[in-house]
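The structure under discussion appears below in the form of structure tokens.
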Amino acid sequence: MKTILLTQKRQGIRKGLFILFFLSISPYLFAFQDSTNFRQYEGEVIDADNNNPLVFATITVDGTNISTITNTEGNFLLKVPTSVSSGTVLFSFIGYTTKKIALSDLKSDKNKISLKTSALQLSEVDINSPKDAKALFRETLNKKGENYFEDPTLMTAFYRETIKKRKKNVSLSEAVVNIYKTPYSSDKKDAVELYRARKSTDYSKLDTVALKLQGGPFNTLYVDIMKYPEYIFTNESIDDYNFTFDSSTRVNDRLIYIINFSQLKNIKEPLYQGKLYIDAENKTLTSAVYNLNITNRELAARLFVRKKPAKVDVWPTEVAYRVDYRNKNGKWYYGYSNVLLKFKVDWDDKLFNSVYSMTAEMAVTDWQENSTGKLPKNKERLKKSIILSEEALGFSDPDFWGEYNIIEPEKSIESAIKKIQRQLRRAKKSGTSTP
């Protein structure tokens, strides 16, 4: 379980409020490279019929490990090493036909990629389709050693966490990390080491509390259900859920069964509900979208709040998760995950409550086989108790990320970064330091 820290700001006294997460991750990264050795492509991915942005669409350079993902506005930023002079870029999204575009046909910016919905023929879903949704999911879990990476893998990933008070960004932290991914058939935990990070927090917008997330990238890594099923489905708890089939769809032109799951009515403790996307041909989980049942807010709050200031109540209003997997040469691997937490802070002596939201997301942007299986030393690994915003260095280097692929920031985040950079420049000229 991970935590979010809220600190009270009254008369200089800070007290702690901790909100616990069931997820976790660790980071480790490749050596920094020359930022001039890449080409950059920007654009947006939209629905061909209504022009709506496609959120979390996947962009991959075919035949390579290079990939990125669209943000919540459908925008993407893809960086490709100059050593990759030709190739095909794949744009894919659940329920849509994958589009293939030659790398040479992409512009440096303002690429508008439209995807069409993928029609299903009845014969695809009616003939030989499984009848027992729970049995299909059990089979999927049992085949993880067969369908997912069998070799130790070193992944480069981009991680971002944002904290908002209502619609205003008050804290932003980003990092490039390396994940030492152990085989899916192994019980060994993944190891991670932080390479570079940056952050900014505007505590003036937080009024009486300041929020920090404890756990950093661990919060997103443990959403990898196939590697860490115990955080949601154990051999015992899987029987606490009801599994049913939904309409089928397509992902990357492959038939996908959709399974709905929710906790049984007689189970009182907060469990999860959502959708599982399973490849029909090889019984592989390709994606999962789910949330915590917070109907009983007192019980849900106990999962998150460890300690808090006096005369304040805190409860979650939404707790949601997502994980996506990618395929390379017939093997699947963890590609992207995010966590969204919304909650209210209610003070006894205040007329209005405060509404906060926290988003943590991580995308694997490259990987290579870790042939030796070597893991970083314990002192080099991130601790699961890390507060990334306290480890980061600030937005002082405009070329900080070099050629590493990142998740394109939303307009509001982009504006916040530019504002922070202006403040840093003014502080440097005046010879003062920023808080």
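The values are calculated or read from the model by the stated rules, or taken from the named source; none is laboratory data. Owing to the predicted nature of the structure, the values given are computational and were not obtained by experimental measurement. Note: ideal-geometry Cβ built from the backbone for every residue, glycine included; neighbour counts use all protein chains shown. Heads up: the accessible areas ignore ligands, DNA and RNA and are worked out on the full protein's heavy atoms, side chains in. Shrake-Rupley method; radii C 1.70, N 1.55, O 1.52, S 1.80 Å.
Name the strands (runs of 3 or more DSSP E) wholly inside segment 53-92 in which the number of residues that are over 18 Å from Thr162 (Cβ atoms) is 3 or more. Write out each step before concluding.
Working: elements: 58-61, 67-69, 75-81, 88-92.
Those strands (runs of 3 or more DSSP E) span 58-61, 75-81, 88-92.
The residue that is nearest to Thr97 (Cα to Cα), among those in segment 227-275 that are part of a helix (DSSP H, G or I) and under 22 Å from the mean Cα position of the chain (by Cα), is Pro229. Within segment 230-284, the residues that satisfy the criterion of being aliphatic (A, V, I, L, M) and either in contact with a strand residue (DSSP E or B) (Cβ under 6 Å, 6 or more places away or on another chain) or under 22 Å from Asn296 (Cβ atoms) (or both) are Ile232, Ile238, Val251, Ile256, Ile258, Ile259, Leu264, Ile267, Leu271, Leu276, Ile278, Ala280. Which condition breaks for Ser104 when tested against (1) more than 28 Å from Arg381 (Cβ to Cβ); (2) at pLDDT below 90? Status for Ser104: all satisfied but (2).
On the given criteria, is Trp332 aromatic (Phe, Trp, Tyr), modelled with pLDDT of 75 or more and touching a helix residue (DSSP H, G or I) at 6+ places or on another chain (Cβ under 6 Å)? Criteria met by Trp332.
Filtering segment 318-350 to residues that are out of contact with any strand residue (DSSP E or B) (no Cβ under 9 Å at 6 or more places or on another chain) and among the polar types (S, T, N, Q) leaves only Asn329. The strands (runs of 3 or more DSSP E) located wholly in segment 308-391 that include 3 or more residues which are of a type in the set (S, T, N, Q) and either more than 24 Å from Glu403 (Cβ to Cβ) or open to solvent by 40 Å² or more (accessible area, probe 1.4 Å) (or both) occupy 354-369.
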